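A quick write-up on the structure given underneath.
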Ligand SMILES: [Zn+2]
């Protein structure tokens, strides 16, 4: 994503483009991907940028609050930031820790419960947890 595309995104979501935020966004939006805060901290370190961990956490919270990225919680201690924000589903491999996309149209529901009174559906997202099949010794 170019700098002017990033500026457009920041503007669209009402986020002030500070140098640190732009740096973090440019890592996230390099390609469609799912990154944890730790991945991002690691990449910042590799690139020699001095963005603090606290800034990374605060920035990611701001990005997800404003809808710039989507949070995907795979378990209570693992959260991913998804650069793809339109509705879609995920596979999560508990062995490799890898999260991958399932296109929205590949999942359909035959039977969804009636919504609680006074609510409307915001989204239905599925997280399918998989594990590597154990190879049997022969
Ligand atoms: Zn995704």
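The values are calculated or read from the model by the stated rules, or taken from the named source; none is laboratory data. If you're wondering where the values come from, they're calculated on a predicted model, not measured in any experiment. Here the Cβ positions follow ideal geometry from the backbone for every residue, glycine too, while neighbour counts run over all protein chains shown.
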Residue within the range 107-117 that is loosely packed, with under 12 Cβ neighbours inside 10 Å and within 16 Å of the ligand (Cβ to nearest atom) present: no
Tally of residues being within 16 Å of the ligand (Cβ to nearest atom) and surrounded by 13 or more Cβ atoms within 10 Å (Cβ to Cβ) across the range 58-73: 8
Subset of the range 75-88 that is outside any loop (DSSP other than H, G, I, E, B) and more than 11 Å from the ligand (Cβ to nearest atom) - its residue that is nearest to residue 33 (Cα to Cα): 79
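A quick yes/no check of all residues on (1) exposed (fewer than 11 other Cβ atoms within 10 Å of the Cβ); (2) within 15 Å of the ligand (Cβ to nearest atom); (3) under 30 Å from residue 2 (Cβ atoms):
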{"position": "19", "(1), (2), (3)": "yes, no, yes"}
{"position": "31", "(1), (2), (3)": "yes, yes, yes"}
{"position": "34", "(1), (2), (3)": "no, yes, yes"}
{"position": "37", "(1), (2), (3)": "no, no, yes"}
{"position": "50", "(1), (2), (3)": "yes, no, yes"}
{"position": "119", "(1), (2), (3)": "yes, no, no"}
{"position": "122", "(1), (2), (3)": "yes, no, no"}
Residue 98 vs. criteria on the phi < 0 side of the Ramachandran plot and not assigned by TED's automatic domain parsing to the domain that holds residue 7: yes
Some residue of the range 89-101 being in a loop (DSSP other than H, G, I, E, B), more than 10 Å from the ligand (Cβ to nearest atom) and in contact with a helix residue (DSSP H, G or I) (Cβ under 7 Å, 6 or more places away or on another chain): no
